[in-house]
Amino acid sequence: MKIAEKAKNSIVFYYKAALLIFLIPTLLVPCVAFSYKLMFVMLGVGAVLLLYDLFTKRKFLKARGMFWLIGFMLIFAVSVALNYKTGLNLNAASWGYTAIALLLLYPDSFDKTKERSLFELSVLNNIFIAMTAVLSTVSIGMFLCLYHKEVTFGDQKYAMGWSQNRLFGLYSNTGYMITALALAITVLQIAVTKARGKKISFLYGFFIVYASVFNFMSMCMENAKGAFISLFAFAFIAVMFSTAKKISDRKNLSTVKSALAGALAAVLSVAILFGVITVSRKGISYFPSIYHSLGGEFYREDDPQVPAVLPEEKDDEKIVSVEIDRNIDESYGFFTGRTVIWKFGLEQFKEKPIFGYGPQSHRDHFIVDNYLRHFHNLIIQIMVSVGTVGSVFIFAFFICIAIYLLKNVFKYIKKDDKYYYVFAMLLAVLGMLAVNSMAEVTILFITRFSMFIFWMYLGYIQVFADDDKKLKTDLITEKIDLLIANLFNKFTGKAKNEK
């Protein structure tokens with residue numbers, strides 16, 4: 001009986017683990033053909049779990065800030081309904097995935113103990129690190145032989161291997177920043193392991209180092225500006241609060257002075273990380289030439305996207321580097337054409353400012369040499385997707401939760417607590433994803449692994465918060481929960497009397 005109860009209480013955790021295991025393959029070119037079918041299966045399972053939660057614990061009414069999230073999802077549904085003529089199926093699917101993230105994954109952790117949350121985080125982190133390490137190993141192997149292949153599915157062309165002076169590997173898009181996030185989660189996992197009081201064995205240490213090295217090399221050669229900036233954001237937040245805590249403990253300085261010292265250390269760490277990435281990219285660019293000099297063969301297709309100058313076409317006695325600078329139209333500027341998309345998004349918002357269009361209603365628009373999948377900025381994407389009304393709800397949630405987390409991390413600095421570094425690293429991961437969302441759509445609407453990770457970890461970080469203070473709006477959802485419970489009790493009571 002206890003085993004059955006334990007399994008029932010952990011069922012959403014198993015679903016989280018399954019999401020990571022099945023979501024990452026959907027990002028790979030060989031899996032594009034069936035990725036949507038797989039996601040619909042995961043969506044169906046999530047919907048069943050949401051219904052189960054409705055009739056049992058109703059966590060989606062008890063977690064912090066749910067009033068704002070439920071309001072957002074209701075307005076989101078209205079936006080989808082009002083725009084049924086444009087992309088109804090895709091908009092409805094987007095609503096379903098977002099509901100899974102906000103109403104199932106996020107509130108699941110609210111009643112869990114810190115030790116249980118550490119265990120779950122450890123499992124999820126290790127799954128992510130292991131899978132990305134394997135894929136990064138394949139990517140580096142492809143880079144060594146300058147593997148390049150074009151694959152077409154439907155109306156989309158995908159590059160595999162080394163293309164346009166970027167390392168795609170098996171990923172369908174280097175903009176996923178999966179390797180950069182893997183590096184951040186590796187740091188988080190080290191903090192989780194220490195908080196659990198576990199010693200890092202030789203084999204596990206080797207796994208962490210191996211994964212870190214290959215994910216770092218792969219990230220360097222993916223040449224995704226957004227991934228670099230997001231990793232800098234992670235490093236800044238992680239170093240700032242880690243240093244502030246250590247200085248506060250050793251020097252007994254005030255929280256403000258400790259935080260300022262931490263910020264200075266963070267700036268220095270970002271500068272060092274920038275230098276390390278720059279030097280590493282240059283060094284790694286010689287790998288194919290070294291591989292060729294040792295007798296390795298290159299694989300290439302006769303395609304204009306393959307680099308025009310390869311080491312094999314130069315003097316075989318010299319070790320030379322491959323070209324690693326991206327060929328981007330200078331007219332696109334630093335933001336690589338995003339400003340054009342942002343301007344278009346704001347113009348679209350003005351036309352439907354109240355409820356918006358839904359997130360998938362502009363996919364037929366051709367802009368900046370490609371079809372528009374999203375607006376490359378979370379704020380603009382929210383405004384266009386759900387209008388002013390929906391934006392008020394989701395922005396209110398983000399502001400309230402950000403204030404809550406920042407208050408807690410600063411209070412934590414002066415306390416002796418083994419969970420501090422877990423909290424700080426989780427905050428850094430969330431901050432990293434938030435920064436990336438200013439150039440992508442990382443944490444809402446899109447069925448990327450990053451959206452699910454963000455909302456899962458946003459739930460976990462609140463388990464380690466210093467206080468359990470709820471938002472004033474949480475009283476509303478608590479009353480709704482009580483009302484639903486009374487209705488269920490009344491219904492079941494009638495059923496018993498009829499029997």
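Compare the Cα positions of VAL441, GLN189, PHE274 along the charge dipole of the chain (+1 at Cβ of Lys, Arg; -1 at Cβ of Asp, Glu; about the Cα centre) and return the one farthest towards the positive end.
So the residue furthest toward the plus end is GLN189.
For the stretch 1-131, give the magnitude of the charge dipole about the Cα centre (Cβ charges: +1 Lys/Arg, -1 Asp/Glu; no others), in debye to the nearest 20.
That gives a dipole near 260 debye.
Points 7 angstrom from Cα along the Cβ direction at LYS470 and ALA130: gap in nanometres?
Label at LYS470, label at ALA130, 3.8 nm between them.
Just want to confirm a number: the relative contact order over the stretch 28-109, from Cα pairs under 8 angstrom separated by 6+ residues, in percent. Mind showing how you got there, number by number?
Working: 38 pairs, mean separation 34.6, N = 82.
Rounded, it is 42 percent for the stretch 28-109.
Given only helices, namely DSSP H runs of n ≥ 4 each adding -39500 (n - 2.57), what is the per-residue ellipticity at 222 nm of the chain, to the nearest 500 deg cm²/dmol?
Only helices count here, giving -21500 deg cm²/dmol.
Using a probe of 1.4 angstrom, how much of the accessible area of the chain is carbon and sulfur, in percent?
Values: 15540 of 23400 Å².
Roughly 66 percent of what the probe reaches on the chain is carbon or sulfur.
Please identify the trypsin sites (Lys or Arg not before Pro) of the stretch 132-237 that satisfy two criteria: DSSP loop assignment and at most 12 other Cβ atoms within 10 Å. Which are they?
Listed in order of number, the matching sites are LYS198, LYS199.
Sum up the lysine pairs in the stretch 170-257 that clear both bars: alpha-carbon distance under 22 Å and a spacing of 8 or more or different chains.
Close lysine pairs found across the stretch 170-257: 7.
As a test of the definition: which semi-axes, in Å, follow for the stretch 39-123 when you take the square root of five times each eigenvalue of its alpha carbon gyration tensor? Largest first, please.
Working from the Cα gyration tensor, I get semi-axes of 27, 15, 11 Å.
Once you list every other residue whose beta carbon is under 14 Å from the beta carbon of ALA266, what net charge do they have if Lys and Arg are +1 and Asp and Glu are -1?
With Lys, Arg at +1 and Asp, Glu at -1, the neighbours total +2.
Report ³J(HN,Hα) in whole Hz for each residue of the stretch 393-405, in order, from the Karplus equation J = 6.51 cos²θ - 1.76 cosθ + 1.60 where θ = phi - 60°; Gly and Pro get x.
3J(HN,Hα) across the stretch 393-405, in whole Hz: 5, 6, 5, 4, 4, 4, 5, 4, 5, 4, 4, 4, 5.
Give me the percent relative contact order of the chain, please, defined on Cα pairs under 8 angstrom at least 6 residues apart.
Details: 687 pairs, mean separation 111.1, N = 499.
Relative contact order here is 22 percent.
Obtain the nm distance between the two label points defined at LYS407 and LEU483 by a simple spin-label model: each point lies 7 Å from its Cα along the Cα-to-C-beta direction.
My value for the distance between the label points is 2.7 nm.
Using r as the Cβ-Cβ distance of PHE202 and LEU268, and R0 as 25 Å, what FRET efficiency do you calculate, to the nearest 0.05?
0.20
One-quarter of the Cα convex hull surface for the chain, in nm²?
So the Cα hull casts an average projection of 27.7 nm².
Compute the distance in nm between two label points, each set 7 Å from the Cα along the Cα-to-Cβ direction, one at LYS257 and one at VAL48.
Going by the 7 Å Cα→Cβ label model, 6.0 nm.
Using the Cβ atoms and a cut-off under 15 Å, what net charge is assigned to the surroundings of ILE453, where Lys and Arg are +1 and Asp and Glu are -1?
-1
What value does the stretch 49-90 have for Rg/Rh, both radii from Cα atoms and Rh as Kirkwood defines it?
Expressed as Rg/Rh, it is 1.11.
Mind checking which of THR26, PHE236, PHE153 is farthest towards the positive end of the chain's charge dipole, using Cβ charges of +1 (Lys, Arg) and -1 (Asp, Glu) about the Cα centre?
Towards the positive end, the residue furthest out is PHE236.
In whole angstrom, and with the biggest value first, how far do the Cα coordinates of the stretch 1-145 range along each principal axis?
Its Cα atoms span 53, 49, 27 Å along the three principal axes.
Can you give the percent of C-alpha pairs in the stretch 78-170 whose distance is more than 17 Å?
Counting every Cα pair in the stretch 78-170, those more than 17 Å apart make up 72 percent.
How much area per residue is accessible in the chain when the probe is 1.4 Å and only protein heavy atoms are counted (Å²)? Each step should come with its number before you reach the end.
Details: 23400 Å² over 499 residues.
Value returned for the chain: 47 Å² of accessible area per residue.
Strictly over 26 Å apart at the Cα level, which of LYS282/LYS343; LYS62/LYS352; LYS415/LYS470; LYS114/LYS407; LYS16/LYS149; LYS415/LYS469 would you flag in this model?
Correct reply: LYS282/LYS343; LYS62/LYS352; LYS16/LYS149.
The values are calculated or read from the model by the stated rules, or taken from the named source; none is laboratory data. Note that the structure is predicted; figures quoted are calculated from it, not measured. Using ideal geometry, Cβ is built from the backbone for each residue, glycine included, and neighbour counts are taken over all protein chains shown. Quick note on the areas: whole protein, heavy atoms, side chains included, nothing else; ligands and nucleic acids left out. Shrake-Rupley method; radii C 1.70, N 1.55, O 1.52, S 1.80 Å.
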